[in-house]
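Here the structure comes first, spelled out in structure tokens, and everything after it is commentary.
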Amino acid sequence: MYRYDEFDAAFVRERTEQFSDQVKRRVAGELTEDQFRPLRLMNGLYLQLHAYMLRVAVPYGTLNSRQMHKLAHIARTYDRGYGHFTTRQNIQYNWPKLQDVPKILEELAEVEMHAIQTSGNCIRNVTTDQFAGAAHDEIIDPRPVAEIIRQWSSLHPEFSFLPRKFKIAITGAQQDRAAVKFHDIGLMANEKDGQVGWRVFVGGGLGRTPMVAKEINDFVPHEDLLAYLEAILRVYNLHGRRDNKYKARIKILVHETGIEQIREEVEAEFAQLKDGVLTLPQDELDRISTYFAAPPFAADADDVLDAEQHALENAQYAKFLKRNLFKHRQPGYTSITISLKSVGEVPGDASDAQMDAIAELAREFSFDELRVSHEQNLVLPHVKKSDVRAIYERLVEIGLAEGNAGLISDIIACPGLDYCALANARSIPIAQDIAKRFADRENEFGELKVKISGCINACGHHHVGHIGILGVEKKGTELYQITVGGDATEQAAVGNILGRGVTGDEVPDALEKLLNVYMDQRENADEPFLDAFRRLGEAPFKEALYG
Amino acid sequence: MANANAAQAFVPKERLSDLQLVALNGMFDERDALSVLRFALEELTSHPIAMVSSFGADSSVLLHMVAQINPHQEVLFLETGKHFPETLEYVETMKQRLGLTNVRFLEPDTSDLARFDPKGDLWQTDPDSCCHIRKTEPLDAALKAYGGWVTGRKRFQTNDRGVLPHFELTSDERIKVNPLAYWDFEDVKAYRAEHDLPPHPLFNVGYLSIGCAPCTSMVKEGEDPRSGRWRGRDKTECGIHFDVSGKIAKPQAKGQSMKTLFKDGQFVEDQWRDLADDDALIDLDHVFMPFSLYIEHKDRLVGNNGALGLIVQPGDDVHEIGDDVHRFAAIAVEFPKFADGRGYSSARLLRERYGFDGELRARGDILTDQVQFLRRCGFDSLVVVDGPTRNALENDAIAGVSVFMQPTGRDIEVPAGTRPFLRRVK
Ligand code: HEM
Ligand code: SF4
Ligand code: SF4
């Protein structure tokens with residue numbers, strides 16, 4: 001993975017010092033909150049219901065064991081013994097004290113981490129496929145380009161006061177696991193005339209007006225990518241709406257102006273920037289790529305799981321094998337998803353002890369690499385198949401062996417009313433209730449993505465859940481609106497709202513009704529919920545829910 | 001909680017700490033006005049928060065929100081005895097329309113009136129004192145039982161209000177709640193239309209901000225809505241917004257001769273001025289002119305003798321003057337709010353695309369932490385009023401980093417030797 005050189009190190013150190021100084025000025029009362037707000041936001045420090053919240057960037061979701069140990073240490077020392085992994089592939093601490101923040105940032109800097117640009121109206125941490133560099137279906141490893149985008153966007157002087165936050169996602173695989181069509185800019189590897197370049201999508205997003213991104217260019221070569229991004233950002237910075245923060249994302253600009261005209265403006269700007277300073281030299285791409293070279297895989301690793309017998313005896317393990325392994329590009333290897341969705345727990349939370357144990361697993365079994373997925377799980381990307389059972393046993397010990405990746409209990413849920421100042425309703429208890437209700441039948445349902453947001457900001461991605469649940473408030477009571485048919489992959493779709501909201505207690509019953517329709521009417525056990533929904537349409541589901 | 005009289009006087013012990021206030025503003029940073037108001041009226045402190053309304057031109061929004069939360073909420077109205085009859089009529093209209101049951105009139109103390117304003121003309125000779133006895137005193141007395149009060153102030157209204165937060169502490173540490181802080185005129189208009197709220201009868205005839213009759217005049221098209229208040233006097237705020245303890249805070253002296261132009265490492269005398277209304281468009285020298293005016297009269301300005309300057313506001317499209325940049329000795333790019341970053345793109349286009357090499361100044365809401373960004377985008381002079389930023393500039397203590405991750409095409413950033421690609425050092 002990418003290693004800081006002196007240049008990066010100096011950059012983060014200076015920035016950390018600068019922010020530490022601002023925090024001190026704030027604590028001393030020299031800065032007003034109004035002056036402090038934009039500064040703290042650019043440095044990942046939010047205020048929420050109970051306290052400050054610190055968001056730490058995990059660039060494109062990649063961590064090594066040292067970093068994970070440090071995250072555990074911070075959870076233990078400065079927080080309440082846990083951290084929260086988020087859909088932005090980063091980690092959030094919910095209880096740091098303001099006066100500790102400089103110290104935390106110093107500790108992070110020791111392991112080449114920081115909280116820069118995890119919030120505020122700037123270009124955010126770039127996200128990507130959690131299986132990048134490991135997946136069997138990859139056209140190109142997106143991480144070198146993600147790293148280059150990270151560098152280019154760090155404290156960009158022109159784009160640090162955009163109309164609104166700006167999120168870029170990139171995938172190099174055929175199957176989109178990074179939800180690129182729901183980002184402000186989505187990049188998808190594309191092959192043309194034997195060359196690999198990027199399909200560029202613009203204007204996707206969730207929130208109160210969910211939109212699927214539109215293609216603005218079907219092939220931008222590597223060398224032109226930064227110039228192209230700069231052109232898009234400049235058009236957005238100058239023309240994005242600033243009169244209404246709910247209409248300030250680029251999706252609204254694209255929607256109101258029309259993709260054709262946006263394309264025209266971007267292309268005009270790009271024509272001027274092309275072949276300028278931003279042109280990415282091949283040797284620089286090669287240099288960065290060496291950081292992401294494949295680890296020294298054993299060529300003769302056994303390509304069968306050594307655990308068949310064990311799996312027969314242990315249904316939990318069988319389920320784990322079926323659900324939590326992902327096909328690796330290297331024979332004999334696999335990627336393991338460590339589910340942070342154990343039934344009854346807070347989705348995405350991990351304790352300090354768990355983080356430490358996972359760091360050790362990465363060090364022993366996965367070439368010291370870990371990933372954070374946007375589905376709020378962790379991934380050991382490069383694991384020998386012959387080690388899977390040993391890893392499983394270790395996961396059992398720390399209570400993270402749930403074999404539910406992609407199943408109904410693998411729920412994305414935002415913090416909701418328990419932690420978030422903006423929430424209408426609770427998310428976490430709803431996720432827990434659903435997981436409890438269906439855990440023992442979830443295998444029958446197969447792949448089913450349930451996503452919950454506590455308000456229309458859609459941090460829980462409910463719009464793209466196969467079943468989405470949105471907390472709304474009516475006359476002081478928490479209600480939940482249910483959507484069906486959302487999809488975050490390349491077939492991007494926003495879920496249909498089925499009807500009026502139901503109370504929290506009724507949510508599991510409502511899901512049961514939807515699942516009954518699916519189980520009764522699916523063509524066979526291989527037809528997943530989403531396919532069945534697409535075939536059947538919303539009518540039978542609506543009927544089941546509202547009669 | 002709605003019953004103010006039952007509550008004891010506000011006890012300082014329950015005051016919010018500064019950090020709590022910070023947290024509160026953070027919590028409600030992105031929340032809508034109704035949530036802020038609901039929270040203020042129902043949960044904020046164990047002491048009630050007073051709802052004060054002027055029943056003026058834009059009071060209807062908050063009143064409507066209050067009625068939604070609780071129509072029996074007490075609403076305080078300062079009956080100064082100097083209101084337009086239309087205002088009193090409007091109080092009745094709104095009570096009926098919104099079902100408000102508890103509007104309480106606060107009147108000036110009769111002995112004060114007899115002593116200080118027997119003829120009722122104090123407003124002419126000493127408006128501050130008039131406001132004091134007719135507004136500040138009665139309100140101050142009424143507010144004793146409250147932990148704070150709600151105002152309808154909005155950031156856009158006057159220049160002094162650019163950074164108005166949702167919650168503030170007064171000098172005696174009560175809380176002022178400004179649910180509409182982030183609203184602008186359009187928001188108010190849209191809300192009124194959406195809820196079909198009746199306007200103040202005088203609003204439609206040109207009074208955009210309505211106070212007492214003698215002190216309110218009409219506002220001309222394009223003027224600041226509040227400019228009709230105390231027109232022609234050095235008074236922009238009613239004392240009650242500053243301080244309920246009766247001491248009217250002094251507005252900042254205007255037009256003092258502070259040097260605000262920072263150039264070549266120091267604050268210097270500014271040779272330039274903005275075009276005035278009565279300037280003829282000939283032989284302008286060291287004058288900045290508005291963008292649209294330039295576009296309109298560019299042909300006439302061809303033979304201008306003297307140094308011409310241009311003002312670029314956010315939203316002005318610099319491509320339109322790209323080929324004319326050589327005509328300007330200086331271009332001033334405005335940053336009315338620090339969060340509006342359009343000026344950075346305008347600057348880079350002027351410098352890098354159109355090769356402008358005159359003085360490029362940034363004016364407006366400029367804070368320390370932007371200075372480095374501004375310089376990197378090509379600005380070489382800054383007009384700065386913010387105190388801490390001025391200090392930092394004078395002491396060469398501008399926050400920033402010395403290494404950059406991307407080029408911006410300025411010569412202050414030199415390629416770092418063999419360093420690959422984008423990176424630059426200062
Ligand atoms: C608890 C404190 C949080 C607050 C106050 C908060 C606030 C917000 C707001 C206001 C938006 C809407 C922005 C817009 O549409 O312009 C948003 C969007 C989003 N948030 Fe959060 N959030 C919080 C926590 C989280 C967490 C924990 C996650 C990850 C699990 C998250 C992930 C996201 C994502 C992915 C979006 C983007 C949706 C889109 O593309 O429009 N947020 N958040
Ligand atoms: S979706 Fe709403 S409730 Fe959930 S974290 Fe985001 S802002 Fe908070
Ligand atoms: S606004 Fe005018 S009339 Fe009203 S109290 Fe103040 S000075 Fe007196």
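The values are calculated or read from the model by the stated rules, or taken from the named source; none is laboratory data. Because the structure is a prediction, the values reported are computed rather than measured. Positions of Cβ are generated from backbone atoms using ideal geometry, with glycine treated the same way; all protein chains shown enter the neighbour counts. Surface accessibility is based on the protein's heavy atoms, side chains included, excluding ligands, DNA and RNA. Shrake-Rupley method; radii C 1.70, N 1.55, O 1.52, S 1.80 Å.
Worth pointing out:
- Between segment B:35-52 and segment B:326-355, the alpha-carbon centres lie 44 Å apart.
- Cα pair distances of the protein assembly as shown binned at 10 Å [whole percent]: 2, 10, 18, 22, 20, 15, 8, 3, 1, 0, 0
- Among the listed pairs A:LYS214/A:LYS245; A:LYS247/B:LYS95; B:LYS259/B:LYS337; B:LYS144/B:LYS337; A:LYS192/A:LYS322; A:LYS322/A:LYS384, those with a Cα-Cα distance over 26 Å are A:LYS247/B:LYS95; B:LYS144/B:LYS337; A:LYS192/A:LYS322.
- A simple charge model with +1 on the Cβ of Lys and Arg, -1 on the Cβ of Asp and Glu and nothing else charged puts the dipole of chain A at about 1880 debye relative to its Cα centre.
- Taking the Cα centre of segment A:181-230 as origin and assigning +1 to Lys and Arg Cβ atoms and -1 to Asp and Glu Cβ atoms, the resulting dipole is close to 360 debye.
- Computed E for A:VAL396/B:ASP278 - FRET, C-beta separation, R0 60 angstrom, nearest 0.05: 0.10
- Counting 0.36 nm for each residue step from A:ARG25 to A:GLU110 and taking away their Cα separation leaves a gain of 28.3 nm.
- Dipole axis of chain A (+1 Lys, Arg; -1 Asp, Glu on Cβ), positive-most option in A:GLY120, A:VAL12, A:VAL220: A:GLY120
- Estimated FRET transfer efficiency when R0 is 41 angstrom, pair B:GLU320-A:GLN282 (beta carbons, to 0.05): 0.60
- Distance violations [Cα-Cα > 30 Å] among A:LYS274/A:LYS327; A:LYS24/A:LYS165; B:LYS119/B:LYS154; A:LYS449/A:LYS542; A:LYS451/B:LYS176; A:LYS474/B:LYS154: A:LYS274/A:LYS327; B:LYS119/B:LYS154; A:LYS451/B:LYS176
- Put A:LYS322, A:LYS192, A:LYS475 in order of accessible area, highest first, and with a 1.4 Å probe you get A:LYS475, A:LYS322, A:LYS192.
- Packing around the peptides A:144-154, A:518-528, A:18-28, taken as the average count of other Cβ atoms within 10 Å per residue, puts them in this order, highest first: A:144-154, A:18-28, A:518-528.
- Within 10 Å of each Cβ in B:342-352, the average number of Cβ atoms from other chains: 5
- Estimated distance in nm for a label pair at B:LEU293 and A:ALA9, the labels positioned 7 Å out from Cα along Cα-to-Cβ: 5.6 nm
- Spin-label pair A:TYR546-A:ASP440: with each label point 7 Å from Cα along the Cα-Cβ axis, the two points sit 3.4 nm from one another.
- Note on A:TYR291 and A:LEU305: the model spin-label points, each 7 Å out from Cα along the C-beta direction, lie 3.5 nm apart.
- Neighbouring partner chain Cβ atoms per residue of A:8-20, average, 10 Å criterion: 3
- Inter-chain neighbour count for B:368-379: the average number of beta-carbon atoms from partner chains within 10 Å of each residue's beta-carbon is 3.
- With the charge dipole of segment A:308-397 set up from +1 on Lys and Arg Cβ and -1 on Asp and Glu Cβ about the Cα centre, the Cα lying farthest toward the positive end among the listed residues A:ASN314, A:THR337, A:PHE326 is that of A:PHE326.
- Given R0 = 30 Å, the distance between the Cβ atoms of B:ILE69 and B:ALA339 translates into a calculated FRET efficiency of 0.50.
- A:THR503 accessible area, assembled protein chains, probe 1.4 Å, Å²: 50 Å²
- Think of each Lys and Arg Cβ as +1 and each Asp and Glu Cβ as -1; about the Cα centre, that makes the dipole of the protein assembly as shown roughly 1600 debye.
- Annotation: extensible slack from B:THR170 through B:SER111 equals 18.4 nm (criterion: 0.36 nm per residue apart, minus Cα-Cα distance).
- Potential extension, A:HIS73-A:ASP509 segment - 0.36 nm per residue separation minus Cα distance: 152.9 nm
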